[in-house]
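See structure below.
The values are calculated or read from the model by the stated rules, or taken from the named source; none is laboratory data. None of the values given here were measured: they were computed from a predicted structure. Every residue, glycine as well, gets a Cβ built from its backbone with ideal geometry; the counts of neighbours run over all protein chains shown.
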Amino acid sequence: MARPRSSRVSPRSGWRDRHGRGIRSAVTGPHLPLLHTRADLFDLTVAATAEYLKDIWPDELAGVIFEVAGLPSGAAPSTGVDRWRVDIPQRTVTLYRLPIERLARVHRNDELHRRMLVESCVFRAVAELLGKDPWDLAPERFRHL
């Protein structure tokens, strides 16, 4: 004869997950800073560059939405892989992380040069949106070069 099951709930049910292990914590532990992935650094660079350009061109970039996607959707064109897409009627700029990071030729593969690569893509996409030359967006930024 089968025993009746108890309908009592354990007081510690929220403490463990369904496999009996504890809730996972951060990999770095409580005393170290969180790890930053390439995707996190890419997102931060796009956001910082977009804010910089919005500060310089507040009227022209009001309401522009910056998005980050992994890859372009749809069939690949015969001319190459898109690094970004600008939708002028919707006022959106979509940057594709994987083509920018993987297909670029950086002469020095360090954090500074990767950041400069992402910034240049944001500048070129915004220049396409505004119908301007990328060097005209922030002429004072590159005066020292």
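Which one is nearest to Gly63 (Cα to Cα) among residues in segment 91-132 that are touching a Gly at 6+ places or on another chain (Cβ under 8 Å) and surrounded by 15 or more Cβ atoms within 10 Å (Cβ to Cβ)?
Looking at the filtered set, the residue picked out is Tyr96.
Quick one: is Pro72 modelled with pLDDT under 95, touching a Lys or Arg at 6+ places or on another chain (Cβ under 8 Å) and not in a helix (DSSP H, G or I)?
yes
Checking the structure you have, find out if any residue of segment 101-117 is touching a residue at least 24 places away in the same chain (Cβ under 8 Å) and hydrophobic (A, V, I, L, M, F, W, C).
no
Only residues that are assigned to a loop (DSSP other than H, G, I, E, B) and closer than 16 Å to Arg124 by Cβ: list them for segment 58-69, please.
Glu60, Leu61, Val64 - these are the residues of segment 58-69 that are assigned to a loop (DSSP other than H, G, I, E, B) and closer than 16 Å to Arg124 by Cβ.
Can you work out which of the residues in segment 91-122 that are in a helix (DSSP H, G or I) and in contact with a Lys or Arg (Cβ under 9 Å, 6 or more places away or on another chain) is farthest from Pro72 (Cα to Cα)?
Arg114
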